[in-house]
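Below: the structure, in structure tokens.
The values are calculated or read from the model by the stated rules, or taken from the named source; none is laboratory data. The structure presented is a predicted model; accordingly, all values stated were derived computationally and were not measured. Don't worry about glycine lacking a Cβ; one is built from the backbone with ideal geometry, like all the others, and counts go over all protein chains shown. Protein only, heavy atoms only, side chains kept; ligands, DNA and RNA dropped before computing areas. Shrake-Rupley method; radii C 1.70, N 1.55, O 1.52, S 1.80 Å.
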Amino acid sequence: MDSKSLRQTLGTFATGVCVMTTPDPDRASGRILGITANSFSSVSLAPPLIQWCIDVKGNRFQIYADATVFGVNILSSGQEDLSRRFAKQDSHIVPDDMLTRNEHSLRLHNVIGFLACEVFDTRIVGDHLVIVGKVTAFDMDERHQGLTYFRGKYGLTGTVQ
């Protein structure tokens, strides 16, 4: 099976773009970590469960594999720069970045949706770790359009009302 062709075929499914945040395990200076993900989906409303996946060979794999809590930040159309930033290896967010909101340290500013989660279950499936989270708090902002990813390019969806 040609993995490059498979990846291109999978890329024909448009997805939203999220940044998954979690506390820095060494707790240095109140930092948190972020990683871009488009493998996010809902699982259940009762109980409220979501899931996302991380590559087991990724440089941040162990941090997220060991995490007990995480935030799902669903990016708005103006946040392509954040998606690109957290897709790279430098994933630290320090208080001086002014990216997080005071009411929840894992929530980024100007996202269209946020879910605070506790890890409910994890499981290695193929070359990824599936992380299932139980939603403990959430909010949304209907003023923004959503950031999408389709065939290797960013786009947007939704209308501003």
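For the stretch 139-149, name all the residues that are surrounded by 14 or more Cβ atoms within 10 Å (Cβ to Cβ) and among the hydrophobic types (A, V, I, L, M, F, W, C).
Passing the criteria: only L147.
Out of all the residues in the stretch 4-52, which are under 20 Å from D66 (Cβ atoms), among the hydrophobic types (A, V, I, L, M, F, W, C) and out of contact with any strand residue (DSSP E or B) (no Cβ under 8 Å at 6 or more places or on another chain)?
Correct list: A28 only.
Return the residues of the stretch 54-83 that are in contact with a Phe, Trp or Tyr (Cβ under 9 Å, 6 or more places away or on another chain), hydrophobic (A, V, I, L, M, F, W, C) and open to solvent by less than 40 Å² (accessible area, probe 1.4 Å); say none if nothing qualifies.
Residues satisfying the conditions are I54, F70, V72.
Quick one: is L45 more than 25 Å from Y154 (Cα to Cα), modelled with pLDDT of 90 or more and open to solvent by 90 Å² or more (accessible area, probe 1.4 Å)?
yes
Only one of these conditions is not met by M1: (1) surrounded by fewer than 16 Cβ atoms within 10 Å (Cβ to Cβ); (2) closer than 22 Å to I124 by Cα; (3) in contact with a strand residue (DSSP E or B) (Cβ under 7 Å, 6 or more places away or on another chain). Which number is it?
Going through (1) surrounded by fewer than 16 Cβ atoms within 10 Å (Cβ to Cβ); (2) closer than 22 Å to I124 by Cα; (3) in contact with a strand residue (DSSP E or B) (Cβ under 7 Å, 6 or more places away or on another chain) one by one, M1 breaks only (3).
Test L75 against the stated conditions and say whether it is within 24 Å of E142 (Cα to Cα) and without any contact (Cβ under 8 Å) to a residue 24 or more places away in the chain.
In short, no.
Give the residues of the stretch 121-137 that are out of contact with any Pro (no Cβ under 8 Å at 6 or more places or on another chain) and open to solvent by 30 Å² or more (accessible area, probe 1.4 Å), sorted by residue number.
Residues of the stretch 121-137 out of contact with any Pro (no Cβ under 8 Å at 6 or more places or on another chain): 121-133, 136-137.
Those that are out of contact with any Pro (no Cβ under 8 Å at 6 or more places or on another chain) and open to solvent by 30 Å² or more (accessible area, probe 1.4 Å): D121, T122, R123, I124, V125, G126, D127, H128, T136, A137.
Could you list, in sequence order, the residues of the stretch 2-22 that are part of a strand (DSSP E or B) and modelled with pLDDT of 90 or more?
C18, V19, M20, T21, T22
Given the criteria in a strand (DSSP E or B) and at pLDDT below 95, does L106 qualify?
yes
Starting from the stretch 98-117, keep only residues that are under 11 Å from F70 (Cβ atoms) and in contact (Cβ under 8 Å) with a residue 40 or more places away in the chain, then list their pairs with residues that are surrounded by fewer than 18 Cβ atoms within 10 Å (Cβ to Cβ) and of a type in the set (S, T, N, Q) whose Cβ atoms are within a distance under 6 Å, requiring at least 6 positions of separation or different chains.
Hits for this filter: A116/T136.
Provide a single number: the residues in the stretch 43-62 that are in a helix (DSSP H, G or I) and of a type in the set (S, T, N, Q).
Here the count works out to 1.
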